[in-house]
Structure formats: C-alpha cells, structure tokens
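Each remark here refers to the structure printed beneath this line.
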Amino acid sequence: MAGQPFRGDEGGLIDRERPIAFTFNGERLQGYAGDTLASALLANGIRLVGRSFKYHRPRGIVSAGAEEPNALVQLAVGARTEPNARATQVELFEGLEAESQNCWPGVGFDVGALNGVFSSLFPAGFYYKTFMWPASLWMTYEHWIRKMAGLGRAPVQPDPDRYEHRFAHCDVLVAGGGPAGLAAALAAARSGARVILADEGADFGGALRGLRATIEGRPAMNWVRAAVAELAAMPDVVLLRRATVAGYYDHNSFVVSERPAEHMAVPAPFQARGRLWSVRAKEAVLATGAIERPLVFGNNDRPGVMLASAAQAYANRFAVRPGSRAVVFTNNDSAYEAALDLARAGVSVAAVIDAREDPGPAARRVREAGIESIPGHAVINVQGGRKLKAAEVMAINGDGTACAGGDWRAIPCDLLAVSGGWNPAVHLFSQSRGKLRFDDRIAALVPGESFQRERSAGAARGTFTLRGCLAEGFRAGAVAARAAGFDKAGEPPVPDCDTQAETPLRPLWVVPLPKHTRLKRFVDLQNDVTAEDVALALREGYDNVEHLKRYTTLGMGTDQGRTSNVSGLGILAGLRGKSIPSLGTTTFRPPYTAIPFGTIAGREIGHHFAPTRRSAMHAWHEQAGASFIPAGLWFRPQVYRRPGEGMMDAIYRETKSVRTTVGMIDVSTLGKIDIQGRDAALFLDRVYTNNFRKLPVGKARYGLMLREDGMVFDDGTTTRIGESRYLMTTTTARAGEVMRHLEYCLQVLWPELDAYAVSVTEEWAAIALAGPASRSVLERVVGGVDVSNEGLPYMGYREGTVAEVPARIFRISFSGELAYEINVPADYGAAVWEAIHTAGRSFDIIPYGTEALSILRIEKGHVVSGELNGRTTADDLGFSAFLSKEKDFIGKRSLAREGLWRPDRKQLVGLIPVDKKTRVPRGAQIVEDPDRETPVPMLGEITSQCYSPNLGHPIALGIVAGGRALHGRTLHALSPVTGERVPVTVTPNVFIDPKGERLRG
Amino acid sequence: MMLIPCPWCGERAQVEFAYGGDATVKRPADPASASDREWHDYVFVRDNPKGPLDELWYHAAGCRRYFRVRRDTVTHAILASTPLPEIT
Amino acid sequence: MAKPAERRSALAEVYSPGTYGAATPDGPGVTLAERRGLTLVHLAGEAATLNEGVRKATGHDLPITPNTVIGDDRGGALWLAPDRWLIVSAREESERLERRLAAGIGSAGAATDVSSGRTVVRIGGANARDLLAKGCPLDLHPRAFAAGHCAQSLIAQVNVLLHAVDESRVDLYVARGFGLTMWEWLTDAAAEFGCRINAPEG
C-alpha cells in the first residue's frame, strides 16, 4: 500500500490515528477518518478519476462538494453497488471499493477517447441529428451510446438494506448547517421553537470546514462546535447530518434525504441506510450556501483544473496538497485567500492571474507572500492531457471579449485553481416558486420575492463575508421563530470576524480564443457542452434558455448544471447582446441531489407495499387450502382445492355442491352500513330508486342506487332491523364509495334530515349458507328463531343466536338457491364459521370461493362490476321496475333525458354458444356479421362468461344494442385479442330457475 | 403537498382529504321542475377558474366532514375554510 | 352443542410476546400490547341532546372540543367528529352498553356497537411517537398531541384513530380487517428502536 505523498503532516479535520484502507479501480490505498474519497485520492496523488460523457476526455476532481460534475464513481460491488456517487461527498470507510465510471476498458486508456479526435462529429444536438434516422436503428444506437456513455451500473440483486420513511413537523426548518444556518438555528431554538437543522455533510460547519476563518480571534470551527453542542442539548431541536433538503413543495413541505449509514460498508442491524423525511415547517430558513463558478477557457476540463475554493478546502480541511505547483486564475477576491492557504499548505503558488485590471488590496497581500500577481490577464489554454503541465496566459481587453495578444506566456503548473465568482445555491428557493433576481454586484441569481414562508440567509442570498453570514443567520432565525409564533425570539449579537475589504468581481463568462485557434472551452463538464456548442445552438435558432438547455444538454447531467447554468446564461446573453435578466433562467426542480430509489420506496416493499384486509375467517380459509384473490384491499378465498384436485375441477365441484347440497361462503367483505334516525326511511328513499318507506320491520329488500347522471352506481339489499334502523349492504368493490356518497348526501345535500350512516362492515363477520340443505344445516346451530319457510320466509330477517352467539339472520340469496346470510360480531366469526361447517358435515357442506360464486351468479344473470360499469342505466339492465314514479331520488331527473331510453341502447342479455361447447372469449366484442367489410359495427360486448357445470355448457352475459329484442337471434362474439370468433344465441339473462322457485322453497 | 385546514381538526396533510368539487354548484331544489339545461349544468358543467375557487373537501381519513375551502388554483393559497351550514 | 365461543382477536394467530429488533442500551424503545375485550360504541347525534343520556349510561360527558377525550383508562368518550364519538369501556358487555346508550339517548341519535370492528394496540416506550411518525402525517409532538387528545389520520395508507393516553402511551384503533396488516407494520417499524411485545391487556 502506497503512502499519502500529498498529505500534510498536521492540520485538517482528519484523524491521523485512524487510517482507512480502500480501493480505487482495484488499487489498494489509504486515507484517514474524516476524508472524502476525493480527498483521499488527492492525498495519494490520484488526479485522473474518470472520463467525460461524450468525448471521453480524461477528467479530474473539480470540486469538494455536491456540485461535482466529473468525479462520479461506482461504489461497492454486488447488491450494494451504487452508480454516480460523487467522490467529493463519499465519506471514506474501511473497505470502501470505488471504480471510475464512463471509461472502457479503463480510465488510463479509453476507447471512447477517439470521440474526442472526431469531435466535430459530435456537435450540439448530435443525438437529434445523428441517431434519429433511420428510426428502426435507434435501438442499436442506444445500446452503444449507453455502453460508451458509461452512466454507471444499476445493481441487479435485491437491495439487502433497510430504508425508512419519517414524517416530521417543526416551527423552523433550517436547510444548511454552515455559519448562517447554525446562527439561524441558534436564534430560533433559543426562543423555544421546534427546529430541524439539516446539512448534507457528515458534520456541520459548511464552508468553514475548508477555510481558515476566525471568530472572536479563535478558529471558526470552535464556534461551530459550540453551536452544535448547544443545539444538540435542546430537546426540541433535531440535528440531521448527511441529510440533504432535496425538495421544497407546497405549503412549506419539504423532502429531506438522509443517509444515516452511507459511510459504512454494512449498516448496523435494523439501521436504515436511507431515510426519507417529509417535513412540514411553519417557517424555513434557506442557508444553502453558494457554489463557485469555474471559468471557461481552452481545455479547461483537464485534470488539475479545480475550483479555487475546492483546492483551498483540500488544503485546509483535509491537509492535502491538490498539486505541487499551482496557478490561480480568478475574476474576484475569494481566490486570493485560496492562493495564500495553498501556499501555507506547502503548494508552490506560481501566480494569481486576475481578469480584473486592478484587483486592489488582495493582490498586494499575495505579492507580500511572494506570489506573482498578474492582473488584466486570463488563462487562455492549458497544456497537458491526463496531467496538467502549464497554463497559457495572455492579456485580455477591457470588456473581456478579445485577447490583447503579444504577451503570451506559459506558466508550468500541475494545479490550476479557478474562480469565476459565486452562485448562491438558490435551488430550494426557486423550487418554492420564489422569483429569482439577477444581482449585478456578484453577477449571479439571488433570491428575489418570496412565495412561501421562507427567507434566505448568508451565501445563499449572495452575502459572502463570515460576519454577514452570521448576522443574516441570526436575523433569519429570529424572524422565522417570531413568524412561527415565538414572539420573544431575539437576535444574538454578532461576534467579531476577520473581514477584508472587497474589490468587486468582473464577470467573465468565457475567455476569448486567441486568433486562429480552435480550443474546446467547456461550459458543462459533465455533459461535455462547450462554448462553441452554445454558439452553434444559437445559430440554429435555439435562442431561448429552455430550448438551449434541451438542445445542447447543458445542465442536464446528474449535477444538474450546478457549475454551468449561470455561465451558460452569461455566454448566451453575450452572444445575443442582451442582459442576463432579460433571458430568464431554466427552472430548478427537485430533488437538489439524487435520492436513492430505496429511500423513496422506504419499507413499502414486499408485503408492506400495500395494506391488506382480511376477514375474521381468514386463518380458517388458509388452513382449508384456499387460494386467495384480491378484492380491493381484501383477500378473498378464490377456491378451496383438495389435494390433487385441478383448479377448474374444484371450482365446478363447489358450484355443483351449492345447487345440489349446501355450501358456505365468507361474504364479510360486502359493505354494511347502519342507518338510523327519524328520517332513515326518507333518506333511503332518496338514495335508492325504489321504495323503502313501506318496508316492514324484519324484511329485506333489494335496492338500486344511481349516480346523479342516471347511470347505475351500486346495488345491494337493505333490511329494516328496527323501527327507525336499517342495515344497508353494498358491493365489496363500492363499499367505500357508497359510504362517502351517503355522507355527501347527508352533509351537503340534505343536512336537514335526521339520519345517520355508520359503517359496520368491520363489525360483522358475514357467512352465506346456500343450497337445498342450507335450512337443515342452519336448524342445527340456530337458537331462538324459527327458520322454516313460514317462520323465516324469503327476504325475511330475524335476530337470534347461531352457535350460541347473538346473530342477525337474513333469508337472502345471491346464488338463486335457498340461502341464508348470517352476521355475527367479527370476534366470533371464526368460531361460528367453524360451528356451521361442523354442523354441515352430515350434509356434505363445502366452503366455496369467489370463482364458484361468480358462476352461480352468472347462471342467475345477476350483475356485478362488468355490468355495473358506469355506462349502464337501470333499464339497460332490466331494472326499470325498480324506478319509483312516486318520489324523487338521486339520478331520477337524468332519466328524463330521452337518450337514456333509446331502444338501441346496449341492454343486458344472456348468450349461449351455438355449439354449446366453445367458451365465449372474455371481453369479446359482439357483432352481427363478422365477415362484413371493416369497420364491422359493434353491437356490444361480453361482460361475464363461464362454463356452467350445472347446465353442462358455456354461458355468458353481455350488453348488446337493443338486445332484449334479439332473443333467439344468432350473433358473433369476436375477440381481437385471441382471434377467436364464436357464434352465440341471444337469450334472457337468467339461465337457471328464472321463476325463482328454488330460493323461495 | 398542501396543508388543508379542516374547520374541526385544524391543519392536516392533504393526503387525509378527498376533493369534493366545486362548492358553488347547487342541486336544483325540485329536480322534476328543473329544465334540461339547468339539470345538465348541475350534473356536468363546471367552471375551471384561474384564481380563487370555493371547493368542497372531505376529511376522509379524519372526521369525515365535508367543508368549504376557498383555494387559489394558481398559488394553492388557502384563503378560507368553513364548515357547511349547521346540521340539525 | 359446544359451549359459547370466546371472542377472538384479529391478531390471535400471530400474537407472540417477546423482545424483537435492535438491541438498545436502555432496553426496547417501543412496547406493544393489544387491548382485548373492549366495548366500543359509535355514537352519532347532537352533543347537547345526547349528553344527558350518555352520562346516565356511562358516567361521562361527551367531549365537545374536537379531538379530545373525556374519561380514563377504563372508559371514556373519544371525539370523532362534531356529532360523532367513540364510547370506550373496558368494563361493559357490548350488547348492554349499546342498548343502555340507545335507551339513554332515545330517538335523538344513533348508537352502534362496533366492539368487534376495531383492533386496539397500546403503544408505549420512549420511541412510541417516533414509531408512529414513520407512517403518520400527524404532528405527534406533545405540544401538538398532548395527553387526553385523540386524532384520526393515516398510518401506512390505513385509517387510524390515535389516543394519547398520557405522555408516553398512545392507543391505536384500526379497523379489524386491517388489524393484522397494521400489526405487521408496527412490529417491522419498531425493529430499529427495539420492541417488546407484552401480553395482551384485557
């Protein structure tokens, strides 16, 4: 294992007592606790970390944070592998394995680099121009583009880790834990407000971690530690480390992506690797800092060209020399501090090149430190490929549009630290729908008018001095707390900080090319978009920023243009001769940085993906070998197969048993609604089409509900169980909708009614006992009720006991057989079910599932969801007798529209295959003459179909135009899906016992 | 996600609510005497205004009350939240 | 004829007391216990006209302040809506309470027995509210959800009623059909805090 030749002997926020072994591209290396992968690589002298997206040019580390465009790596292997990790944010841990992305076969020799040689073939918009023709070859192209573009590899094994979700509420959310954020959190928390402070880093301090700043004459990090300790001791403050405030949504809701175990190879048992916080904050402080802009000049993408603040952070925070001999190139003051810190860290700083004619006191200070200051100049090109060799410097004219020429000079260096100014990180502000404003003072977008309850503080709003950041942080925290109702929140006094006088920056969006040169000047390093691409796109008419973005892909990489967007805007403005504000800007969209899919999914995976609803008899069904089918969220027994029995055999056996002996089925899933009140009957009369006022106590009645547009909504039986008390049942599918509909009617339409609807679906386990022997079975378990045909006639209701449990007994039937429905409190459901099953043994009772139920109801022509499809009227289904003429009801007025009574409306019919053998295809269309020239007029469709084991042939239900007038006619059922065509005879929709003698017996 | 003030339960997450449509639509008092046009407008026709709109919301996962919310459809600002006329 | 059946909880098949999940230095952060055998009656109507009848039947008044509870551990009334309450009793036979309430309120409202229709879990421990916050969008901080308050909301897509019994304990009511799925969610979500499942209460 090599040493760390570029590591300083002292200083930095690293722990030299804790060396950490890791591998990069298979090479075993060492860093220290506190390192990022990027700092550890630089400490080991590794500058080449990847290849660029389009031209596969060698690339190095550019930044020290979330804005990194180049140093994207694939982490780990196997199930935990993760693509597109930013080496600048990956915390080093023992055993970390990382690989360069976007290079094949390896980072040193990359076949794709030939793209650079032929780069004139890859201009702006080249995807659109090149690969769109012929369209049939796109799939082939895409395969190679993906391979060459090397976007990282998604894991192919199931993720072994846990991910969690968490809701949180606070008075003040502070996004960003740098000086401004810490100050805001302190001011807010001291008032008693509930505060959440989230920072993307492993620890708080923000930019202070990479600076040598002082507060009250002591290192600023001492102040940071004291602030964090104070906050941590407060019970109503939540400190989130490794947590990015990624999204800002309506009504001050936020998404925070926390990575609690990202710095470990394997999380502790039950520890989350990722946690998604949904935060609702009364007020927010955005203290998200600022991102330094690179400068755009010839070959500015070479490894060794780095943001000045990043070079400074590597030197200060990690005690790493990011090069041996440095040149600094800037248009503002901040890079001078970087130059001094680099020199202090042992880097030989050759010169500070400044685009400004008069840099002021900053230049004097570097000269005092023995560093050459070269004002009025620019780096126009760099020499070196995989390793930087020299910076070529030339004087530029006053407005930065041309090289003055003449004094060309190459300064040898292996590090070029650049600063083009600073962009406040306005992403969250923009996501909140706040209006951005262009601030000429710093030549950057800053927060303008707020839209939500937030305020920005510190560098996020363009204040770059430490004193200013602290002052704004304290103020923002106090203002936020007061706005959240903590009236006494005050602003702590601002401590003394060292502050230098500043010389304004000079915007320099692109360094001019020397005459007769064609150098690549990269604006977007990740997507390989050059200044020339921007110019070309403009020539081709893409002069709008949104169009420019999509045509050139500027700002569309995983870094979302954090280092490139404003520069691109500046270049476009320059080319168009317009001001930047007049061009507008592209929209900042959430998330700020990518959120892992695991974190988004949380624990909503596997059987936690959706809740499941089970009846009281579920365990019995499982033990009896039932297979289950989802019905909404319920799981219902589909069929109870016996050992060795085929699926269809079991279904037909169950169906036949109900018609010949007796079966029992769990119907607990049907909606049940307790309706009480003086106006209960009146209420039912208004929601049902038929009459309930005259229904006597102890009787059930079929009820039909319409929607207000006249279409059938739902049906069920409603029983009058007391003087002013009814039990309504609904279909399983519409139980929730019906409940909501009733509440709408009672609360919105008719609040004057004295009626109450309460869902009791969950209270009652419901068992249907059906078949010729059902009465005999019931007689063995019932108590206190005469269940003879006289004692409990068809559509009768009695209360008594079943298996000694208080029960509601209904003589109703869905199967068309003699049948009862028994309701008992759900806690007794399993016991009563077992008792009935035991009592029925001598009658060969069987449990049956939804498949048999479905066949039984098709045989009886009953309608369910296929027929109640929202487009059928009561008359379409043959229910016009249920439409009361004596009263108003929901949907009645719509029935006055003549279109709902046209004789050619699709009407419910039965259909039997002419050969009595061929199954009618599911969902088939019904036509008169299948051989007619297309388009063949479609008369209707199959809504339900099955083989009827009781009739011995297939049957179907369908809705057919004017169908009731077509009984006896032959039509054709066509399935465009399977290609089947089956001649069918139109019949009435009831196939078995049309007079209903069995159920009255 | 919006924060909707239920007149009874206070501010709650949008996920607890169901949208109930335009609150200004009135069911004709006597449907039988409503003209076809009036009935058609009641059943099918809704404005889609840009700006403030009186809406019904239903606190489906809470107190199960319908109530009126005045919401700006552009900004999602909630301008008012009131119970429906007293249930008697 | 067999002797009358016992009430059977929706969790009967899976309920297994013991300690699960992460090992934590201060012991399990969450305790769970099903509350069985409760009598629950849903009451609808005008508070002013119902209150006297309710007091006669239960000894308690109806809470008028939204999302509050009147009563104690053994019984009380939880506010559900401006004209809805859940009457809870750890003492009564369900049939008797529904009838007594119905008799007490006369034709002024509606009493509906829902004793079998809910699964009730008592959640305790230092992380009880942290556990709920993993799936519930309510603000569960004691400032917002103090002892004696109740609230209906969602946990993991399922409607729930929560009752802050005191600073450290919350009773969770969920529809019986979702009882098992909620139990599975709770025990999974509690794993990171360490979880002790106590014997059922009641």
Ordered by fewest other Cβ atoms within 10 Å, a rough proxy for footprinting exposure, A:PHE438, B:PHE67 read A:PHE438, B:PHE67
Chain C shape via C-alpha gyration tensor axes, a/c threshold 1.5: oblate
Quickly work out the B:LYS26-to-C:ILE64 label distance, labels modelled 7 Å from Cα along the C-beta direction, and quote it in nm with one decimal. 3.2 nm
Evaluate E = 1/(1 + (r/R0)^6) for A:PHE609 and A:GLU834, where r is the Cβ-Cβ distance and R0 equals 35 Å; express this FRET efficiency to the nearest 0.05. 0.65
Expressed as a whole-number percentage, the relative contact order of the stretch A:866-1001 with C-alpha contacts under 8 angstrom and at least six residues apart is 27 percent
Under the Karplus relation with 6.51, -1.76 and 1.60 and θ = phi - 60°, whole-Hz ³J(HN,Hα) for the stretch C:192-202, x at Gly and Pro, equal 5, 8, x, 9, 10, 9, 8, 4, x, 9, x
What do you get for the angle between helix A:850-859 and the principal long axis of chain A? Use alpha-carbon atoms, 0 to 90 degrees, nearest ten. 50 degrees
Per its Cα gyration tensor (rounded if a/c is under 1.5, else prolate when a/b beats b/c, else oblate), the protein assembly as shown is best filed as prolate
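Summing +1 for each Lys or Arg and -1 for each Asp or Glu, what net charge is found among the other residues whose Cβ lies under 15 Å from the Cβ of A:GLY434?
Once all neighbours under 15 Å are counted, the net charge is +2.
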Between the stretch C:129-202 and the stretch A:229-301, what's the alpha-carbon centroid distance in Å? 27 Å
Other protein chain Cβ atoms within 10 Å, averaged over every residue that makes up A:753-766: 6
Hey, what number do you get for chain C at 222 nm if only DSSP H runs of n ≥ 4 count, each worth -39500 (n - 2.57), divided across all residues, to the nearest 500? -6000 deg cm²/dmol
When a footprinting reagent is the concern and you count Cβ atoms within 10 Å, what order do A:THR689, A:THR660 take, fewest first? A:THR660, A:THR689
Phi-based couplings in Hz for the stretch A:926-935 (Karplus 6.51, -1.76, 1.60; Gly and Pro marked x): 10, 10, 7, 10, x, 8, 5, 4, 6, x
So what's the net charge close to B:ILE4: Lys and Arg +1, Asp and Glu -1, counting the other residues with Cβ under 9 Å from its Cβ? 0
At a threshold of 8 angstrom on Cα-Cα distance, excluding pairs fewer than six apart, so keeping six or more, what relative contact order does chain A reach in percent? 9 percent
Neighbourhood net charge (9 Å Cβ-Cβ; Lys/Arg +1, Asp/Glu -1) for A:ILE992: +1
So what's the back-of-envelope 222 nm ellipticity for chain A, counting only DSSP H runs of four-plus at -39500 (n - 2.57) apiece and dividing by all residues, rounded to 500? -6000 deg cm²/dmol
Going by the alpha-carbon gyration tensor, a ≥ b ≥ c the square roots of its eigenvalues, is the stretch A:788-872 rounded (a/c under 1.5) or, if a/c is not under 1.5, prolate (a/b greater than b/c) versus oblate? prolate
Note down the relative contact order for the stretch C:39-115 as a percent, whole number, built from C-alpha pairs under 8 angstrom at least six residues apart. 44 percent
Using label points projected 7 Å from each Cα along Cα→Cβ, tell me how many nm separate A:GLU449 and A:ARG897, to one decimal. 4.4 nm
Which far-off residues, 5 or more places away or on another chain, put their amide H under 5 Å from the one on A:ALA444, with H placed in the peptide plane? A:ASP439
Built amide H within the under 5 Å cut-off of A:TYR32, gap 5+: A:ILE20
Please arrange A:MET648, A:MET221 by how many other C-beta atoms lie within 10 Å of their C-beta, fewest to most. A:MET648, A:MET221
Average beta carbon contacts from partner chains per residue of B:12-21, 10 Å cutoff: 4
Across the residues of A:932-941, average count of Cβ atoms on other protein chains within 10 Å? 0
Show which lysines lie in cross-link reach of A:LYS885 when reach means a straight Cα distance below 20 angstrom and same-chain residues fewer than eight apart are skipped. A:LYS694
Between 0 and 90 degrees, rounded to the nearest ten: what's the tilt of helix A:647-660 against the longest Cα principal axis of chain A? 30 degrees
Note, the stretch A:296-307: 3J(HN,Hα) by Karplus (6.51, -1.76, 1.60, θ = phi - 60°), whole Hz, Gly/Pro = x, goes 10, 8, x, 6, 6, 9, 5, x, x, 8, 9, 4
Quick one: angle between helix A:565-576 and the longest Cα principal axis of chain A, in degrees between 0 and 90, rounded to 10, please. 70 degrees
Which residues' amide hydrogens lie under 5 Å from the amide hydrogen of A:THR288, considering only partners 5 or more residues apart or on another chain, with H built in the peptide plane? A:ALA457, A:ALA460
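Throughout, read-outs are computed from the coordinates displayed, never taken from laboratory work. What you see is a predicted model; the values in this text were computed from it and never measured. Because the Cβ atoms are built from the backbone with ideal geometry, glycine has one as well, and the counts that use them run over all protein chains shown.
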